[in-house]
Structures are given as structure tokens and as C-alpha cells.
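Student: Here it is, the structure in full.
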Amino acid sequence: QLPAPISSSRASARRGRAGRAPASSSPCPRRSIRDLIIMGESKWMGKRWEEMDTDVLVKIFKELNLVELSPVSQVCRLWRLACSDPLIWGTLDFGLLKSNFIQTRASPYIWVDDRSDKRLAKILRVAMAISRGNVNCMIFHYNLYMKDEHLHYISQRSPNLKRLVMPAWNRISRAGICQAIERWGELESLTMPTIGHPPYIMEGLANSCKNFKELKIMGSFDLLFASAVTTYLPKLKVLSLRCSKVTMGALQCVLNSLEHLEVLNISHCLLFEMATNGRRQVIHELDNKALERASRLREFHHCQSRQCVACQRMMLDEGILRWYRYEDWFWRRDEVRSLDLKDYGRLFGAQCEMLTSVD
């Protein structure tokens, strides 16, 4: 019996199996060259930039500085969100930014070039716009002379600030700093230069910053200052007077009154007391009574050695350290780990300093 004849469709199917695969029953859409290129990029190079995870973008953008982040944040909504991540803006270090100034005899004893103010305002606008309130720590150079409007702008746009390294007070009014402190309810740590009348700042910190625990003074620390600290900040845990001019009465006040104090740093301080003849007497060694009280602290850092370079500088400058004479990093150091500023941050490096000038 002869086999049944093979239909033409079955024959073509066999030929397809023997050669090329048969065509699909559903029509196949034509792909453009652009589609093929995109498919190739997705296959070999991973996701496109606009499709990358936010965590990946944050890791990449962390390597950029403020000048580079500014245009990147304007690419798209996803990139702007990544540029504002708290991991990037945890610390905003303006330690390289200084004012162009000259000293004067009249209050506020300083004159600042108008271009310095404009430059500072420009940089703050960019930083505050991108960070979107995510700055926790802000560091300023001691020779940056900002005004009330600069401080007002910062305090409004960084309400979650926990640590502040303040610049000089000369051009900041009492009302300006008090208003800023009121907004910083989460502030825990303050590094500040000497101020003529400290009680109102200590009172402001006591009223507004319930978690405040660290204070560093750079300059002079007398009995008035010590009394303000012990009166308004009795629960202070960390105090650093490193490289300051300190009276023995102020030191004794701190040791006797701050019951919650855990860490005290008087390294390289010029300690002195007034003799009966009215002359200042420098103290090179603490007496046993002061050492016994200090021994109760968890950490007590002190150095008044004639062989120490920092102590020699304090003696040379008669207790008011002229920071500009020494290494650029010297003012940033502290024996207390939580107060040490370490190296300059990436967000505002030397490149930013050169590229943010104002014509």
C-alpha cells in the first residue's frame, strides 16, 4: 500500500525543520537600528543612567564636589533626588572658604570686601538648594566673616543641624545668633571663638537645644565664661579649651560645678592666675587638687610642656593663638576624637575654592 501523498504545507514544514526554523504565525515587528543599539547597550552595559537605582547614583555622586554636583542635580528628577541624599550631605565643610578682609579700629573691627559676601551668598544658595535640609554638620573657617543674613539663610534651610563649627562673631548680631539657635533645636555640638558676652548664647543653647552636650572654645576662657557654662549648661558632657587662654579660676569652676562632665581638654592652654601684685602668673603644672578632680573624668587631656610645639606657640602668642601663622590644618585638630575635624571634606575642596570666585 502506497503512503498517502504529502501536502505542500507539510512538505514545507519538513523542509523548515531540515533547514531554517519556520516563521512564527504572528507577524514579527520590524526593529529600528536605534532599538537594536539600545538592546545591545542594555545587554552588555547594564542599565542606562536614567534607569539606575538611587543607591548606585548616590555612591557615584559622593565622589563629586559642590561645583560638579550643581549641574548634575539639574539633569532629571531622579538625579536631583540622589544629589540630595543625606549620605552626601552629612557634613558640609567650608573650612577652606575665607573672607577677603582687613582689620579696623572701629566696631566690628573688621572690613570685608563686598565680593566676599557675594561669593559666600552664591555658594550657600547652591549648597542649600541641593542639600534640601539634609546637612547635619556644618564647618566654617575662623576667618570667614559672615553677616546676619547669611546665618539666617543657613538656619532656615538646615533645620536638622547637629554640629556647628562657627566662624568669627564680628559681623553677627546678638539677635542674629539667637534666632539661628532657636531654629537648631537638634544641635548637639558647637565650636565657637571667644565672645565678649557669652551668657546669652549659653542661655539660648539651654532653652532651644535640649540634646546639647559638646562645647569647644577657641580663644579666651575666663571666670565669666565658665560661670555662664556651668549656669546654663550644667549637663554638659564634653568641653574642649584646646589652645585657649584659661584662668585657673575658670578651670576650677568647671571642675567643681559640671557634675555630668565626662571629657575635658585643656591641652596646650596658657593657664594663668593673677598674683597679689596684679601681674599675671603662668601655671606650667596643675596642683594635686585640680588633678584629683580631673581624674574622676572619663577623659582628661592636658599638656603644658615647654618641649611641646603647640605649647611653645601659645607662649609665643601670649595665649591668643595667631592661627594664620601655622599649618592650615592646625586649627582643625583636637585631642577629643568627636571634636577633631580631620582633613578637609570633599564637597568643598581646593577646586571649589578656585571655581566659585565672583567677578
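The values are calculated or read from the model by the stated rules, or taken from the named source; none is laboratory data. This structure is a prediction, so every number in the text was calculated from the model and none was measured. No Cβ is skipped: glycine too gets one built from the backbone with ideal geometry, and neighbour counts run over all protein chains shown. Remember, those area values only see protein heavy atoms, side chains included, never the ligands or the DNA or RNA. Shrake-Rupley method; radii C 1.70, N 1.55, O 1.52, S 1.80 Å.
Student: Would you please name the residue that is modelled with the lowest pLDDT, looking only at residues in the range 316-348 that are open to solvent by less than 40 Å² (accessible area, probe 1.4 Å) and out of contact with any helix residue (DSSP H, G or I) (no Cβ under 9 Å at 6 or more places or on another chain)?
Tutor: Applying the filter and picking the extreme gives Gly345.
Student: Quick check on my filter: what residues within the range 111-125 are among the hydrophobic types (A, V, I, L, M, F, W, C), under 21 Å from Trp184 (Cβ atoms) and more than 15 Å from the chain's Cα centre (by Cα)?
Tutor: Passing the criteria: Leu120, Ala121.
Student: Take the conditions crowded, with 20+ Cβ neighbours inside 10 Å, modelled with pLDDT of 95 or more and either of a type in the set (Ser, Thr, Tyr) or at positive phi (or both) and apply them to Ser189. Does it pass?
Tutor: yes
Student: Just the residues that are over 22 Å from the mean Cα position of the chain (by Cα) and not in a loop (DSSP other than H, G, I, E, B), please, taken from the range 183-201.
Tutor: Pro199, Tyr200, listed by residue number.
Student: Please list, ordered by first then second residue, the pairs with beta carbon atoms under 7 Å, 6 or more apart or interchain, first in the range 190-208 and farther than 16 Å from Met166 by Cα, second hydroxyl-bearing (Ser, Thr, Tyr).
Tutor: Close Cβ pairs satisfying both conditions: Glu203/Tyr232; Ala206/Tyr232.
Student: Which residues, taken from the range 170-200, are touching a strand residue (DSSP E or B) at 6+ places or on another chain (Cβ under 7 Å) and under 19 Å from Leu239 (Cβ atoms)?
Tutor: Within the range 170-200, Leu187, Glu188, Ser189, Leu190, Thr191, Met192, Pro193, Thr194 qualify.
Student: One residue is enough: does the range 25-38 have a residue meeting the conditions surrounded by 11 or more Cβ atoms within 10 Å (Cβ to Cβ), in a helix (DSSP H, G or I) and at pLDDT below 90?
Tutor: Yes - at least one qualifying residue is present in the range 25-38.
Student: Within the range 280-292, is even one residue among the polar types (S, T, N, Q), at pLDDT 95 or above and farther than 24 Å from Leu341 by Cβ? I'd like the intermediate steps shown before the answer.
Tutor: Start the filter on the range 280-292 by keeping residues that are among the polar types (S, T, N, Q), which leaves 281, 288.
Those left that are additionally at pLDDT 95 or above: none.
No, that holds for no residue.
Student: Still on this model: Looking at Ala175, Ala127, Ala121, which is the one that is in contact (Cβ under 8 Å) with a residue 60 or more places away in the chain and among the hydrophobic types (A, V, I, L, M, F, W, C)?
Tutor: Sole residue among the options that is in contact (Cβ under 8 Å) with a residue 60 or more places away in the chain and among the hydrophobic types (A, V, I, L, M, F, W, C): Ala127.
Student: Looking only at the range 272-281, which residues are free of Cβ contacts under 8 Å to residues at least 24 places away in the same chain and under 22 Å from Arg242 (Cβ atoms)?
Tutor: Within the range 272-281, Arg280, Gln281 meet the criteria.
Student: Would you mind stating whether Cys352 is touching a Ser or Thr at 6+ places or on another chain (Cβ under 8 Å) and either open to solvent by less than 50 Å² (accessible area, probe 1.4 Å) or more than 23 Å from Ser257 (Cα to Cα) (or both)?
Tutor: For Cys352, the condition - touching a Ser or Thr at 6+ places or on another chain (Cβ under 8 Å) and either open to solvent by less than 50 Å² (accessible area, probe 1.4 Å) or more than 23 Å from Ser257 (Cα to Cα) (or both) - is not met.
Student: Which of the residues spanning the range 271-291 are over 24 Å from Gly219 (Cβ atoms) and within 36 Å of the chain's Cα centre (by Cα)?
Tutor: Scanning the range 271-291 gives a single hit, Leu291.
Student: What helices (runs of 4 or more DSSP H), lying completely within the range 209-300, carry at least 1 residues that are farther than 17 Å from Ser189 by Cβ, open to solvent by 30 Å² or more (accessible area, probe 1.4 Å) and touching a Pro at 6+ places or on another chain (Cβ under 9 Å)?
Tutor: 223-232, 248-257
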